[in-house]
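Engineer: First, the structure itself, so that you have it in front of you.
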Amino acid sequence: MTLKYLIQKEFLQIRRNAFLPKLIIMFPIVIMCVMPWVMQMEVKNIVVDVVDIDHTVESQRLVQQIAASNYFIFGGQKATYAEAIKDIEKGRADVILEIRDGKYLIAANAVNGTKGSMGSAYLSQILRGSSSSLLPPSSTTTLYNKGQNYKLFMIPALFAIVMMLMTGFLPTLNIVGEKEAGTIEQINVTPVSKWSFILAKLIPYWLIALFVITVCLLLAWLVYGITPAGPVWLIYVLAMLLALFFSSFGLIVSNYSDTMQQAMFVMWFFVVSIMLLSGLFTPTRSMPQWAYLTTYINPMHYFIDAIRTVFIRGGGLHETAHQVLALAGIGTLMGCWTVQSYKKNS
């Protein structure tokens, strides 16, 4: 009964806050409706200058293909390579294609390494398609995400961002806010156990996590027509395990913090590190070895790996058992640490 009233108190505090209920509803909506359009690795609007020395029918056909591509902005044909280089130096062009004696030279501005490498790759694909003798023949089979829809790749990862912010930062501010208001002293002199107190702080955010993940799944279906290829219940299990970690971690930070500002700075430091080292944006295998080793203790990495397996590949519990066990272990450890770190002076 004590736990019931403590949980009721937490929901009353959330409801009486003029900002939090709106944030809980609007944040997943904004993230799901806006971020998939801007968080993509596709590079477009690459300005290409062409230096066509040959002036053959084949070279002109190639120039027309480049001009018609959705990825390129045709910067025009230049008389010499030196003239095209001046455009690169002044920032008016990103890539140069020189056609001389039936041979092709691609020169890319690598100040922006991603734009330069992707622009060169796109041009190589056009060259591969225009002439069978230009590059050796190859065959590519797409096993999953056959349409190569980048939104299908990013939307599961956005679930992780929403869960991290909603179930991580809100609990962080909870205990610190009560410390600053002085209300926590009233709890400390009651016979309420540490386990009951911490559970009362965690359970509301688990319920918020259920609400948030439901909103995200509905928006992915309604806005983008994207539905998970695997079992939906497994997505909820993964979300609850990630919520257990972040809500516990948030309470740990608040237990050791004396002010709201201190808690926010500490939480922000760890959250950014966890997110950037999780493989959310870049493959973890591309990291240095020392950085890759951190993924073994990074719950966000396990969550993203598992939810992409369920969402895109249609994997089930058998395929994600390793990630589920890792999330459960890390979450349980953090939950125990939360109880231990809370100092109750009765």
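Taken together, the values in this text are just the output of simple stated rules run on the coordinates, not laboratory data. On a predicted model such as this, the values are computed, not experimentally measured, just so you know. Don't worry about glycine lacking a Cβ; one is built from the backbone with ideal geometry, like all the others, and counts go over all protein chains shown.
Engineer: Along the charge dipole of the chain, which of I7, M264, F169 sits closest to the positive end, that is, farthest toward it, with unit charges on the beta carbon of Lys, Arg, Asp and Glu (+1, +1, -1, -1)?
Structural biologist: Toward the positive end, the furthest listed residue is I7.
Engineer: Per 0.36 nm of contour for each residue apart, how much would the distance between T332 and E83 grow if the chain were fully extended, relative to their Cα-Cα spacing? Could the numbers behind the result be given before it?
Structural biologist: On the way: separation 249, 0.36 × 249 = 89.64 nm, distance 6.35 nm.
Going from the current span to full extension adds 83.3 nm.
Engineer: Indicate the gyration tensor shape class of segment 160-203 (rounded, prolate or oblate), computed on the Cα atoms with a ≥ b ≥ c the square roots of the eigenvalues: a/c under 1.5 is rounded; otherwise a/b larger than b/c is prolate and the rest oblate.
Structural biologist: Numbers: a/c = 5.38, a/b = 1.74, b/c = 3.10.
Taking the square roots of the gyration eigenvalues as a ≥ b ≥ c, segment 160-203 is oblate.
Engineer: Let me ask something else. Report the extension gain between E185 and K90 in nm, rounded to one decimal, defined as 0.36 nm multiplied by the number of residues separating them, less their alpha carbon distance. Walk me through the intermediate numbers first.
Structural biologist: Working: separation 95, 0.36 × 95 = 34.20 nm, distance 6.42 nm.
Fully extending the segment from E185 to K90 adds 27.8 nm.
Engineer: Could you tell me the calculated FRET efficiency between Y150 and L276, based on Cβ-Cβ distance and R0 = 22 angstrom, to the nearest 0.05? Don't skip to the end; give the middle numbers.
Structural biologist: Values: r = 19 Å, r/R0 = 0.87.
E between Y150 and L276, to the nearest 0.05, is 0.70.
Engineer: Each residue of segment 268-277 in order: what ³J(HN,Hα) in whole Hz does its phi give by Karplus 6.51 cos²θ - 1.76 cosθ + 1.60, θ = phi - 60°, with x for Gly and Pro?
Structural biologist: Ordered by residue, 3J(HN,Hα) equals 5, 4, 6, 5, 4, 4, 4, 5, 6, 9 Hz.
Engineer: What is the gain in length, in nm to one decimal, between Q64 and K9 on full extension, counting 0.36 nm per residue of separation less the C-alpha to C-alpha distance?
Structural biologist: Working: separation 55, 0.36 × 55 = 19.80 nm, distance 6.75 nm.
Gain on extension, Q64 to K9, equals 13.1 nm.
Engineer: Give me the dipole magnitude in Debye, nearest 20, for segment 46-130 about the Cα centre, with unit charges on the beta carbon: positive for Lys and Arg, negative for Asp and Glu.
Structural biologist: On the way: 9 positive and 10 negative charges, 38 e Å.
About 180 debye.
Engineer: Still on this model: Got the relative contact order for the chain handy, in percent, Cα pairs under 8 Å and 6 or more residues apart? All intermediate terms of the calculation are to be shown ahead of the outcome.
Structural biologist: Working: 447 pairs, mean separation 66.6, N = 346.
The normalised contact order for the chain reaches 19 percent.
Engineer: I've got another one for you. Which FRET efficiency value, to the nearest 0.05, do you get for T214 and Y256 by plugging their Cβ-Cβ distance into 1/(1 + (r/R0)^6) with R0 = 30 Å? The partial results should precede the final answer.
Structural biologist: Details: r = 33 Å, r/R0 = 1.09.
Efficiency, rounded to the nearest 0.05: 0.40.
Engineer: Now, a different point. Within the set of other residues whose C-beta is less than 12 Å from the C-beta of I53, count the net charge using Lys and Arg as +1 and Asp and Glu as -1. Don't skip to the end; give the middle numbers.
Structural biologist: Numbers: positive: K78, R100, K103; negative: D52, D54, E98, D101.
Every neighbour counted, the sum reads -1.
Engineer: Another question, then. Per DSSP helix of 4 or more residues, -39500 (n - 2.57); summed, then divided by the residues of the chain. What does that give at 222 nm, rounded to the nearest 500?
Structural biologist: Details: 14 runs with 217 residues, N = 346.
So the calculated ellipticity at 222 nm is -20500 deg cm²/dmol.
Engineer: What order do you get for 48-57, 294-303, 237-246, 115-124 when each peptide is scored by the mean count of other beta carbon atoms within 10 Å, highest first? Display every interim value, and only then the final one.
Structural biologist: Values: 48-57: 16.4, 294-303: 20.5, 237-246: 24.5, 115-124: 18.5.
By packing density, highest mean first, the sequence is 237-246, 294-303, 115-124, 48-57.
Engineer: Separation between the K103 and K22 pseudo-spin-labels, each 7 Å from Cα along Cα→Cβ, expressed in nm?
Structural biologist: Between K103 and K22, the label points sit 6.5 nm apart.
Engineer: First measure r as the distance between the Cβ atoms of A121 and Y224, then evaluate 1/(1 + (r/R0)^6) with R0 = 35 Å and state the FRET efficiency to the nearest 0.05. It would help to have the intermediate numbers written out before the result.
Structural biologist: Numbers: r = 26 Å, r/R0 = 0.74.
Efficiency at R0 = 35 Å is approximately 0.85.
Engineer: Can you tell me the order of 331-342, 262-273, 167-178 when each peptide is scored by its average per-residue count of other Cβ atoms within 10 angstrom, highest first? Please list the in-between numbers first.
Structural biologist: On the way: 331-342: 17.2, 262-273: 15.4, 167-178: 22.2.
Ranking the peptides 331-342, 262-273, 167-178 by packing returns 167-178, 331-342, 262-273.
Engineer: Of the peptides 182-195, 25-38, how do they stack up when ordered by the mean number of other Cβ atoms within 10 Å, highest first? Display every interim value, and only then the final one.
Structural biologist: On the way: 182-195: 12.4, 25-38: 15.3.
With the highest mean Cβ count within 10 Å placed first, the list reads 25-38, 182-195.
Engineer: Oh, and also: Relative contact order (percent) for segment 142-289, with alpha-carbon contacts under 8 angstrom and 6 or more residues of separation? Walk me through the intermediate numbers first.
Structural biologist: On the way: 111 pairs, mean separation 59.0, N = 148.
RCO, segment 142-289: 40 percent.
Engineer: Going 7 Å from the Cα of V34 toward and past its Cβ, which residues in segment 218-239 have a backbone nitrogen under 20 Å from where you end up?
Structural biologist: It comes to 218-224, nothing else.
Engineer: Pairs of Cα atoms under 8 Å, at least six residues apart: use those to get the relative contact order of segment 46-130, whole percent. If you can, show how the numbers build up before the last one.
Structural biologist: Numbers: 129 pairs, mean separation 29.1, N = 85.
Normalised by residue count, the contact order of segment 46-130 is 34 percent.
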